[in-house]
1. How large a share of the accessible area of the range 35-131, in percent, is made up of carbon and sulfur atoms when the probe is 1.4 Å and the other protein chains stay in place?
2. Just how far, in whole angstrom, is the range 48-86 from the range 137-171 if you go by their alpha carbon centroids?
3. Shape verdict for the range 33-164, please, from the Cα gyration tensor: rounded (a/c under 1.5), prolate (a/b greater than b/c) or oblate.
4. Provide the per-residue ³J(HN,Hα) series for the range 34-44, in order, calculated from phi with Karplus coefficients 6.51, -1.76, 1.60 and θ = phi - 60°, each as a whole number of Hz, with x at glycine and proline positions.
Amino acid sequence: NTNGLVSNNVSAIFSLPNGPSSDRIWVGSSHEIEFQGDLYQYSDAVSYSDDDGDAWTQIIFDSTGLDIPYVFGVDRTVYDIAGHYDPGDPADDWLFFTAFAGGLLASRDAGITWRRIYSSRADSAQFNNDDGAAPSFRNRYFSCAVDTSHGDSLLLWGGTAEGFFEYIFAAPRDKAYNKHINRIAFCETCPE
């Protein structure tokens, strides 16, 4: 932390091997806070370095930055960071990280903007209801892995406290709703 890293308590580390930000290293960190005599891990979210760790930049998720709540704080340790660069589409420099009770977050522009990913509407509602309740086990992410073996799609696997989810990211031209189908019929004895 003498070079600007928020804390030396690093829980995740990642770097993309190719692409425009190939020299960038990402880390998830946290620090300890005392509350009523007990020590808790308080998440600092993610930071990056473009110069081999000589200087660090923290992504600010609170209202003074990207305004994505529930990323900083207790029980939101960043356990995993994953990503993929698509040389066929230089605009795609995907990054994902898991913030346990902070959910699963994604960036498609090398970490400039971020959004939270949900597996259902109910999971989304939990982060949008400001009732202070702990998120369900489905929203407690601890791992993520990118699968690029399908060629036309990017698959993301996210491990939660209630199992794992598969997210599929496909180019807009490959999504079913972009195909214009005027008429379709299914029959067992269709005329030839």
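1. Carbon with sulfur: 48 percent of the solvent-accessible area.
2. 19 Å
3. Oblate shape, in that a/c is at least 1.5 and b/c is the bigger or equal ratio.
4. 9, 9, 6, x, 10, 9, 10, 7, 10, 5, 9
The values are calculated or read from the model by the stated rules, or taken from the named source; none is laboratory data. Predicted model, so just to flag it, every value in this text is computed and none were measured. Ligands, DNA and RNA are excluded from the accessible area calculation, which covers all protein heavy atoms including side chains. Shrake-Rupley method; radii C 1.70, N 1.55, O 1.52, S 1.80 Å.
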